[in-house]
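The structure appears right after this line, and notes come after that.
Values in this text are rule-based calculations from the coordinates and carry no lab data. This is a predicted model, so every value here is computed, not measured. FYI the Cβ positions are ideal-geometry reconstructions off the backbone, even for glycines, and counts take in every protein chain you see.
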Number of protein chains: 2
Amino acid sequence: MNGAESLVRTFVGGGVNVCFANPGTSEMHFVAALDRVEGMRCILGLFEGVVTGAADGYARLTGDPALTLLHLAPGLGNGLANLHNLSRAQSPIVNVIGDHATYHKQYDAPLNADIEAIARPYSPWLKTSATAADVGRDGAAAIAAARTAPGQIATLILPADTAWSDGGAVAEVPPAPAPPPLAAGAVDVAAEMLRNGKPTAILLGGAALRGEALLAAGRLAAQCGATLMAPYSVARMERGAGRVPVERVPYIVDQAVARLAGFAQMILVGAPAPVAFFAYPNKPSVLTPAGCRIHTLAAPRHDLGAALDALCDAVGARQQAPVLQKPARPELPSGAVTLSGLAAVIAALIPENAIVVDESITSGRGLLPATMGSAPHDWLANTGGSIGFALPVAVGAAVACPDRRVLCLEADGSGMYTLQSLWTMARENLDVTTVIFANRSYNILKNELANVGAGNPGRKALDMLNIGHPDLDWCRLSTGMGVPATRVDRLEELAAALRKNLAARGPTLIELVL
Amino acid sequence: MNGAESLVRTFVGGGVNVCFANPGTSEMHFVAALDRVEGMRCILGLFEGVVTGAADGYARLTGDPALTLLHLAPGLGNGLANLHNLSRAQSPIVNVIGDHATYHKQYDAPLNADIEAIARPYSPWLKTSATAADVGRDGAAAIAAARTAPGQIATLILPADTAWSDGGAVAEVPPAPAPPPLAAGAVDVAAEMLRNGKPTAILLGGAALRGEALLAAGRLAAQCGATLMAPYSVARMERGAGRVPVERVPYIVDQAVARLAGFAQMILVGAPAPVAFFAYPNKPSVLTPAGCRIHTLAAPRHDLGAALDALCDAVGARQQAPVLQKPARPELPSGAVTLSGLAAVIAALIPENAIVVDESITSGRGLLPATMGSAPHDWLANTGGSIGFALPVAVGAAVACPDRRVLCLEADGSGMYTLQSLWTMARENLDVTTVIFANRSYNILKNELANVGAGNPGRKALDMLNIGHPDLDWCRLSTGMGVPATRVDRLEELAAALRKNLAARGPTLIELVL
């Protein structure tokens, strides 16, 4: 058995059986091994940002790693932006990056580069296999590393000769290490804070925004009157009717500061203390008020559900009924497109148990409040701030959950970074309904230009902020990659198209002209 | 004056006046400064691979750096693949990468990352400005570094507060260092080799493939019977009727070994000794025969023209007439598309003084021999092997040379990595004629799978090598970004469309279905 086959068998044996791939020559033996091993689904992306973003989406829904297969340093480079995002989502992933044969490196052939150096900043686990005999064991260690709570990036570099040489040995994947215990006294301090009567926010991150952990947080809110909040950038939160309602910290610094001004205390559960997304002249970096007492109940690496349960026990909330959101769907509006109108259409039509991937940027600022009482759904946001995350994440979410509907809300500027995702949706016939908010500009940057005090933009600056001239035709781009598309510019048309597409099988796209 | 303005003024004063940009919040002050300073042309790309590739094309034609403007680590990541390619093209470039404000870094906001670590492998010159007062001087040093022969990557990281704070000072760009002298005896050894009667190849790279340097090489070939060759991956070579003919080392290892088998000696002039692009089981990495004497007359950092002139003097070739290519245009073929037929069409129609950017991969294997006697033109190839270089490089070449026609020969698989380039061509109304060779597969990988001995591909492997299902519709993709497009599937249609498009102003695209 060659190294490549031992690696594929190790992955499948270890329960990792989806591979998002954009291979090249140095990965051909891995590709060939896919034919000899049952149980690995391999999905092609036409650009590596699709590949890494899809693995992120898959991990956000399953909690378990997918593989990526990437071609040397440039393939890694193309995947780096969505690796940045998934590192902030704390998504588990195993990257397999082909490299030149070990003996060929010395000749510095055109594709040669220092892959490890480029991978290191985003790879808490990083190794280059030395021989075919090592490959299986290295792959197993990579999986265990990826599964280490809360989930992390493991990168395995595979020189071509370690893949093609004989001597491969399948390895058993060791269990991921158990989460460490909470810091001594962490629960007692949090309990004291919840009992002292001061205005308190509980900031929830990661797994605390889902399932039993979220219910436990809802019990604390009901029992102690604490406010449940989430960072602006959430990897996945369960929300909608019947779920524990959680408020996001606003993106805009002034709004965030105003919202947090009243809190004397904040308890962190798997989330970092809130800071500004960017710095702005004469605005604070830290969003909580001066003197706000900030206490970490649990860091992301801890068992967040157990931490919240322990806190419930400490304050006597275990039997408390959690605060739950009442159903509330807006009426379907009609007429010209407004931000509140489009939010109402989407809020009214989100299907039960949908997965919403949101990169609507400025066009979607009204979406979260509008959808509080929509049918229960998962909300996935851009965690790292590198735009171009939504279309690929929608691919991975749909692969992870073939029985659920994915609704991808994408801005036109952001969508262009990874538009190749549409082709993968078409090839795999994924149930993804995409809405492109076409405002023909990097609208957020117009706000940001004002926010940083750079003055009114002139013609040259505006040319960098507008993406019209020529306008992008998303219907042509979409159908050019095999995804049927419709253009709408009125709210009743949006509602009709959305209803139809959400009921159809396979991918569709709506270009909403703003 | 703030730091951003001092930087723009420093660049313009130093003769760097084209900026390919994909900015974000942290670069807004740089963008605002563009409105206040005359003389900087700023060109938007909707994806950073377009931006860095365009800067490569610009540098290949002008020999001088363009700027890129990139947004933090993910923006750099998206540009990395074409930075890889341009590092191998030895193109000068100055990257300006915005970062969080210096005081904001400590909060590890979502977009925070170690930009320096990711930039370092491709940045021989790398600096993060510390204060607004440093920015101008750092920018000037970056330009001088980029201009250091043969041309290199300089990366300046600009924390947002160094851009927006007052205290900026315009700096004068120091002259780039003069190229170092040749190694002692380098010319004498080469002269002895050319006189000893043994079969000798002269391998030309960089500037030795153009202008007076190429003519000097032609004199040596005429005088001494040496064979002029170039690496497979050339940044820019002048060729066609009336030019000194130079043969490329073949990509395929067996062909390269067979071609080089007869040479007892090789003289390197700004090119590395030929090695295989990839390693393959039981094939050599080194392409020259065992015992071939390899001598470096000049490394890329040397003055290659002066080295060739000195060698001409040493062998008495200064007055020799160089070998020159005779004009030879094929007849225009018709009928079904064949590789030799499409090569003949292109060879017949290349306009005088055109810039040909070639990423035709397997579809274009017959192009170089067919175009030997075409109208004189420049040929730009993929130097680093990271596919997705041609469309962006065509953008930069057209910006650099508005009076010349750019013919971009692009494979469908490669084109998908950076298809956003088409939008920039449309916005800037660039005279780029693109031909997409649509074979609906990563055809080269089918060959490579066989070459690496991985056996016959099965269904799952073939799914990773075919990019049909669904077929890409390049006409829709192109018109969706504002570039008029035509589909053809016969040679006479290709000829008619190519003739028409080459005579039109502005960008056009032909999808040639193979």
Spin-label pair A:R41/A:A261, simplified geometry with 7 Å Cα→Cβ offset, distance in nm:
5.0 nm
Once normalised by the length of the range B:285-353, the mean sequence separation of its alpha carbon contacts under 8 Å that are 6 or more apart gives a contact order in percent of 18 percent
Quick one: net charge of A:C292's neighbours, Cβ under 14 Å, K/R +1, D/E -1?
+3
Percent of beta bridges antiparallel (DSSP, the protein assembly as shown, rounded to nearest 5)
10 percent
Point me to the residue of chain A whose C-beta lies closest to the A-onto-B rotation axis, rounding the distance to whole angstrom.
A:R476, 2
Between the label point of B:D403 and that of the same position in each other copy, find the distances and list them shortest first in nm, with every label point placed 7 Å from Cα along the Cα-to-C-beta direction.
6.9
Of the beta bridges DSSP finds with both residues in chain A, what % are antiparallel, to the nearest 5?
10 percent
If each Cα of the range A:107-203 is one equal point scatterer, what is log10 of I(q)/I(0) from the Debye formula at q = 0.14, 0.15, 0.25 Å⁻¹?
-0.69, -0.74, -1.24
Could you state the orientation-averaged shadow area of the convex hull built on the Cα atoms of the protein assembly as shown, in nm² to one decimal?
39.3 nm²
Per-residue [θ]222 nm for chain A (sum of -39500 (n - 2.57) over DSSP H runs n ≥ 4, rounded to 500):
-11000 deg cm²/dmol
Which residues does the label zone of A:E492 cover in the range A:328-351, counting backbone N under 14 Å from a point 7 Å along Cα→Cβ?
A:332-337
Give the separation of the Cα centroids, the range B:391-466 to the range A:414-437, in Å.
20 Å
Out of all DSSP beta bridges in the range B:167-288, what portion is antiparallel? Express it as a percent rounded to 5.
10 percent
In Å³ and rounded to a whole number, note down the convex hull volume per residue for the Cα atoms of chain B.
157 Å³
Would you list the membrane-span-like helices of chain B, meaning whole DSSP H runs whose alpha-carbon atoms span at least 30 Å along their axis and whose mean Kyte-Doolittle value is at least 1.0?
none
Using Cα pairs under 8 angstrom and six or more residues apart, how large is the relative contact order of the range B:388-488, in percent?
27 percent
Calculated FRET value between A:V12 and B:R365, using beta carbons and R₀ = 41 Å, to 0.05
0.65
Any idea how far apart B:K105 and B:A503 come out in nm if each label point goes 7 Å out from Cα toward Cβ?
5.9 nm
Remind me, relative contact order of the range B:337-444 in percent, using alpha carbon pairs under 8 angstrom and six or more residues apart?
29 percent
Going through the range A:85-172, which chymotrypsin sites (Phe, Trp or Tyr not before Pro) have at most 15 other Cβ atoms within 10 Å and a DSSP loop state?
A:Y103
If each of A:K283 and A:A183 carries a label point 7 Å out from its Cα toward its Cβ, how far apart are those two points in nm?
2.9 nm
Please identify the longest segment of chain A free of exposed GluC sites (Glu not before Pro), where exposed means a DSSP state other than H, G, I, E or B and no more than 13 other Cβ atoms within 10 Å.
A:353-514
Applying 1/(1 + (r/R0)^6) with R0 = 56 Å to the Cβ-Cβ distance of A:R440 and A:D403, what FRET efficiency is obtained, to the nearest 0.05?
0.95
